[in-house]
């Protein structure tokens, strides 16, 4: 049997269209910083800022899928560090770097599948599961690295996160755009995507329709692990270092960006478009405030405020289809 549609109805022409609201907010945000910070809106400056949120963007795409199912993944930042450490210290031990990168992807995807297997087959709450694996993955990263850093990477690897196409466009930006398209197609155009929405709305109904619920959850968390692995490679290349304390606290702004973009924290609704706008708004706001001379410590305050704002908007405006 096929899964009936689980996506909210489209409300064309609605003034509450979330994508329009988010796009308008982002434009206003850029305009304010453009007027208040000299040269902030230069093409080079705007594109260069994208280098620092690509990794969070990849995690946000995976987190969108996870939260739509009604789950959560608090282990993403710790897993990113673990994958980076696996790559760096396996290479230090003599493994050729391409193979070390493949090993990192296997470890990251495998850890994502581990999360999914525990959630799906042992029926434990994903908050508890990923809180536990957050400690497990971070601890494993410290054990493998012995709390030391590895930075002896060849130039070709550092170019993955540091090269600029035509001297302007960060090389990782087209990769991010391509993955955004792939995730959008999965959600909007496939039976797997419909099942993802269905899990968040009514898991029992999806199960009765003949869908293997456990397998869907396993795939979602496995895909989350794969995206974390790609993000780990990019971030390791960008900073040219592997260490166990990488990306500490990154899970909070990732979740905030997803929720701000309209994904319901209780599941059943969310879009890639909304997540992208939530990511842009949050990261360019923090970037602009730093350019304006405001302490970076306000970043956590902003993230927490936007997380609350996103939840309030989602609960009070209802489900508005992009």
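Would you mind checking the stretch 224-268 for residues with the amide N under 18 Å from a putative spin-label position 7 Å along Cα→C-beta of residue 305?
Flagged as within label range: 253-254, 256-261.
Run through all the Cα pairs of the stretch 44-111 and give the fraction in each 10 Å bin from 0, expressed as whole percent.
All Cα pairs considered, the percentages come to 19, 38, 30, 13, 0.
List, largest first, the extents of the alpha carbons of the stretch 162-208 along their principal axes, each in whole Å.
54, 16, 10
Using a Gaussian network model of the chain whose springs link C-alpha atoms within less than 10 Å, name the residue from 64, 266, 130 with the highest mean-square fluctuation.
Fluctuation is largest for 266.
Once volume of the Cα convex hull per residue in Å³ is worked out from the coordinates, which option in (1) 155; (2) 137; (3) 166 does it equal?
Given (1) 155; (2) 137; (3) 166, the structure-derived one carries the label (2).
Estimate the FRET efficiency between residue 128 and residue 191 by the formula 1/(1 + (r/R0)^6), using the beta-carbon distance for r and 41 Å for R0, to the nearest 0.05.
Given R0 = 41 Å and the Cβ-Cβ separation, E is 0.85.
Separation of the stretch 124-144 and the stretch 274-304 by C-alpha centroid, Å?
Their Cα centres are 27 Å away from one another.
Go ahead and estimate [θ] at 222 nm for the chain from helices alone: -39,500 (n - 2.57) per DSSP H run with n ≥ 4, summed, over the residue count, rounded to 500.
When only DSSP H runs of four or more count, the value is -23500 deg cm²/dmol.
For the stretch 75-159, taking Cα atoms only, what is the radius of gyration to one decimal and the Dmax to the nearest whole Å?
Expressed in Å, the Cα Rg and Dmax of the stretch 75-159 come to 14.1, 45.
Residue 17 versus residue 248, label points 7 Å from Cα toward the beta carbon: distance in nm?
Output for this residue pair reads 4.4 nm.
Which residue, 59, 124, 260, tops the fluctuation ranking in a GNM of the chain built on C-alpha contacts under 10 Å?
The residue with the greatest mean-square fluctuation here is 124.
When the chain is treated as a GNM, springs tying every alpha-carbon pair under 10 Å, which of 54, 118, 255 comes out with the largest mean-square fluctuation?
Top of the fluctuation ranking is 118.
Students often get this wrong: which residues of the stretch 189-216 have the backbone nitrogen under 11 Å from the point 7 angstrom along Cα-to-C-beta of residue 121?
Counting only backbone N, you get 215.
Return the inverse of the average 1/r over all pairs of distinct C-alpha atoms in the stretch 26-176, which is the Kirkwood hydrodynamic radius, in Å to one decimal.
Computed over the stretch 26-176, the radius equals 17.8 Å.
How would 44, 297, 73 line up from fewest to most surrounding beta-carbon atoms within 10 angstrom?
Neighbour counts put them in this order, fewest first: 297, 44, 73.
Rounded to whole Å, give me the distance from the Cα center of the stretch 58-87 to that of the stretch 254-271.
Each part reduced to its Cα centre gives a spacing of 14 Å.
May I ask you to sort 63, 224 by Cβ crowding, counting other Cβ atoms within 10 Å and putting the fewest first?
Fewest-to-most ranking of 63, 224: 63, 224.
At residue 205 and residue 44, where each label point lies 7 Å from the Cα along Cα→Cβ, what is the point-to-point distance in nanometres?
5.4 nm
Compute the relative contact order of the chain as a whole-number percentage, counting only Cα pairs closer than 8 Å that sit 6 or more residues apart in sequence.
35 percent
No value in this document is a laboratory result; all are computed from the given coordinates. Please read all numbers here as calculations on a predicted model, not as lab measurements. Note that each Cβ is placed from the backbone with ideal geometry, even for glycine, and that neighbours are counted across all protein chains shown.
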